[in-house]
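In what follows, a single structure is set out as structure tokens and then discussed.
The values are calculated or read from the model by the stated rules, or taken from the named source; none is laboratory data. Computed from a predicted model, the values in this text were never measured in an experiment. Cβ atoms come from the backbone with ideal geometry, glycine included; neighbour counts cover every protein chain shown.
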Amino acid sequence: MKYHSQRNKRLIIKSGHLIDPGQGLDGVFDILIEGGVIEAIERDIPVEYAEVIDASGKIVVPGLIDVHTHLREPGFEHKETIETGAKAAVAGGFTTICCMANTNPVNDNQEVTRFILKQARAAGAAKVYPIGAVSKGLKGEEMAPIGELKEAGVVALSDDGNPITNSSFLRRALEYARYFGLPIISHAEDKMLSPDGVMNEGKISTQLGLPGIPNTAEEIMVFRDIKLAELTGWHIHIAHVSSAGSVELIRQAKARGIRVTAETCPHYFSLTEEAVKEFDTNAKVSPPLRTKDDIEGIKNGLRDGTIDIIVTDHAPHHPLEKAVPFEQAPSGIIGLESSLPICIRLIEEGVLSWPELIRKMSYMPACIFGLPGGTLKLRRPADITIIDPKIRYRIDVNRFYSKGRNCPFHNWEVIGRAIITIVDGNIVYKADLRDPLSLTY
């Protein structure tokens, strides 16, 4: 069910447990929304002349923000479109997402950036911010026109799955990016150590006869990226951290005051290489799923703040592309509609509190990438997610809005989900709670 609240209409969220790490708010409040912005947060706001949402027993937070998604359009619309990805986002509680540049054509020019923004506006769901390429064609050879990309609307730069192996090139890119105030997101992988790798290198890869990717392939490049950030004095963001060793390198770099931030994904603290044992291509990701020790390292990094944010790395593929032998299948899983309940397990395990989780899924992504949102401060856009923390259900990929079905969490029993998503004061998603598995848009 999709609603469009009028911009001049009053909307009141009543009696929700509001959590806003940006303001240190954690308690039961009402929120008044008018003209698309937050007008008041008080204990008891009169409801005259207003549409009312009863949020009793629910958690109300700044709209979730995912800064690492793949929307595939332009060029790979059979996998996903900006519209289907944006709808999947709001169904998962995300009001804002950032999309990577590995489209066709690559987002290395203003025309592609503007196309993405136009398609996102037409979709009318989540806000979408493009991430531009560091190099033309993602080839790591010639610098993309960073200034023009910034002018067109990109919020960061990344060659994503194509690691920049030329250290001199990355140094120059960091220097240019600093001038324009754009962080560079690094896919940290030395592919010379894993030219044919398809899963974590170890006992299981040997048993399955699959070529492996060692932790060292990630950690060497994390170390290199940290040193270049130190040399240039600019901000590098390490994408999808999967290794305990990488966490320790980032921890040490932060202690030295180097401008490095980091993200991880739900699958890296929820699944190990064991998920690959049945040659399940839905468990094939890059970097690969690793070990229990790595999961513990990731959780420690989340706990102590070494890992700043949680992202999905939403990477949809057509089902036929995954229905091939493991070595031939593309890497990537979808995550926009499964991320929140998997992350809530961190609260159940005592790794994070609710304010700490929302900090990593909303406030910090906004801060690191300079995005609107991430807080419920007065006069800010009313981007809000309402969560039912107690609802139990099974994840069913066949009910997802995403075109992708490549999710290793299919049929997992989970607790908690987004039930209402509000963007600029408009209710853009509302779950049908008569059927917890029914997602209506």
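Structural remarks
- The single condition from (1) surrounded by fewer than 22 Cβ atoms within 10 Å (Cβ to Cβ); (2) in contact (Cβ under 8 Å) with a residue 60 or more places away in the chain that Ser158 fails is (1).
- Considering the range 299-326, the residues that are basic (Lys, Arg) and without any contact (Cβ under 8 Å) to a residue 60 or more places away in the chain include one that is farthest from Ala366 (Cα to Cα), namely Lys299.
- Within the range 379-387, the presence of at least one residue that is among the basic types (Lys, Arg) and assigned to a loop (DSSP other than H, G, I, E, B) is confirmed.
- When Glu34 is tested against (1) in the same structural domain as Met364 (by TED's automatic domain parsing); (2) acidic (Asp, Glu); (3) farther than 30 Å from Pro319 by Cβ, only condition (1) is not met.
- Residue list for the range 285-329, filter: in a loop (DSSP other than H, G, I, E, B) and more than 18 Å from the chain's Cα centre (by Cα): Arg290, Thr291, His318, Ala323, Val324, Pro325, Ala329
- Test: residue in the range 382-392 that is over 20 Å from the mean Cα position of the chain (by Cα), more than 25 Å from Gly124 (Cβ to Cβ) and surrounded by 16 or more Cβ atoms within 10 Å (Cβ to Cβ): yes
- The sole residue among Ser362, Ser402, Ser353, Ser338 that is touching a Phe, Trp or Tyr at 6+ places or on another chain (Cβ under 7 Å) and small (Gly, Ala, Ser) is Ser338.
- Residue that is modelled with the lowest pLDDT [pool: residues in the range 421-436 that are of a type in the set (Asp, Glu) and out of contact with any Pro (no Cβ under 9 Å at 6 or more places or on another chain)]: Asp435
- Annotation note: of Lys118, Lys87, the sole residue that is assigned to a helix (DSSP H, G or I), without any contact (Cβ under 8 Å) to a residue 24 or more places away in the chain and assigned by TED's automatic domain parsing to the domain that holds Ala144 is Lys118.
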